[in-house]
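Heads up, the thing below is written out as structure tokens.
The values are calculated or read from the model by the stated rules, or taken from the named source; none is laboratory data. Values in this document were obtained by computation on a predicted structure and should not be read as measured data. Cβ: placed from backbone, ideal geometry, glycine included. Neighbour counts: every protein chain shown. For the accessible areas, the whole protein counts, side chains as well, though only heavy atoms, and no ligand, DNA or RNA atoms are used. Shrake-Rupley method; radii C 1.70, N 1.55, O 1.52, S 1.80 Å.
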Amino acid sequence: MADTPPSRLGDRIFSGLALAAGLSIVVALSGVFLFLILRGWDGLFQDAAFYDPPRANDFLHYVWPLVFGTVYAATIALVIAVPLSIGIALMVSHYAPRRLATPIAYVIDLLAAVPSVVFGLWGILVLAPAIVPSYAWLNDHLGWLPFFAGNEGGGVNPVGRTILTAGIVLAIMVLPIITSITREIFAQTPRLHQEAALALGATRWEMIRYAVFPYARSGMVSAVMLGLGRALGETMAVAMVLSAGKSLVTFNMLGNESSTSIAANIASNYKEGTPGKVAVLIATGLVLFVLTFLVNFAARLIVARAERNTTR
């Protein structure tokens, strides 16, 4: 049996620091989970008279529209952001000349540093008023779809502060995350694979489709799931755009009444909440914590499965 090489002091210190860093994340997450359980447990079992209108076991009726709004806004954001992010990443990594790709990559990375409050202000002061004519066009021509039905009496939200506007703002916020990760993954594709595809007569798009995408599949899924996590937990931008949002379930994206998210609802009501209301809000935060955990757990399973299929 071969003797194991003696460990050096630097290796032991680095190993200890890495272990401590990993454990600190677990401890922090456990602390957050315990806080949400201890402070939000009473909110899960509030009396029916606490809610308006009173209902038995009304926490489920209270949190379900918020979960719907959270997932709905995040879905809109991903539908918009994912194709744009992948297209920008491909343009930067495979199509644009370096003198153009480098500044574009810098600008995309800088978007990630913009505070969410700035995005929220831009959404309500610039985007929302400017996009109202487009909403009116969608309502006039595609109003037979539940997504663009507008108000019951006709027309759309006159100030443009709808769930679709919030989804567009979220899409811009998650775009740099998805773009940066996918760009790096595309750039790491083995050069020999790409050159072999081109040597066999493939066009540049065929080379990307058959050499780059299979290699980058797991990384692309990870990037999308990270963007989804950002969209699910975003607070201020959604709260500012949907300041008048209500707890209801509707697919309508253009009307005066639209869903709101869990994080935005907490930010809007926490300051003026009574102890019972605060407990309910913390309980909804627990629901968001579990939802985010399940999404990330599913993402890890998808990535692991994609990696297994790639190595076969």
Please give the FRET efficiency for Val114 paired with Asp11, using the beta carbon to beta carbon distance and R0 = 45 Å, rounded to the nearest 0.05.
0.65
Segment 121-150 residues near the modelled Ala267 label - backbone nitrogen below 19 Å, point 7 Å along Cα→Cβ:
121-129
Could you do me a favour and compute the accessible area per residue for the chain, 1.4 Å probe, result in Å²?
57 Å²
Roughly how tilted is helix 58-90, in degrees to the nearest 10 and between 0 and 90, from the longest Cα axis of the chain?
40 degrees
Calculated from DSSP helices alone, with each H run of at least 4 adding -39500 (n - 2.57) and the total divided by the residues of the chain, [θ]222 nm to the nearest 500 comes to -23000 deg cm²/dmol
What is the angle, in °, between the Cα long axis of helix 128-142 and the longest principal axis of the Cα atoms in the chain? Nearest 10 is fine, range 0 to 90.
80 degrees
Can you send over the carbon and sulfur percentage of the accessible area for the chain, probe radius 1.4 Å, protein chains only?
67 percent
GNM top mover of Ala130, Ala216, Ala20 - the chain, alpha-carbon springs below 10 Å
Ala20
For segment 253-267, list residues with backbone N below 20 Å from a point placed 7 Å from the Cα of Leu60 toward its Cβ?
262
Inter-centroid distance (Cα atoms) of segment 61-84 relative to segment 198-245, Å:
16 Å
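R0 = 22 Å: FRET efficiency of Lys277 with Ser30, Cβ-based, nearest 0.05?
0.25
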On a 0 to 90 degree scale, rounded to 10, what angle separates helix 163-187 from the longest Cα axis of the chain?
10 degrees
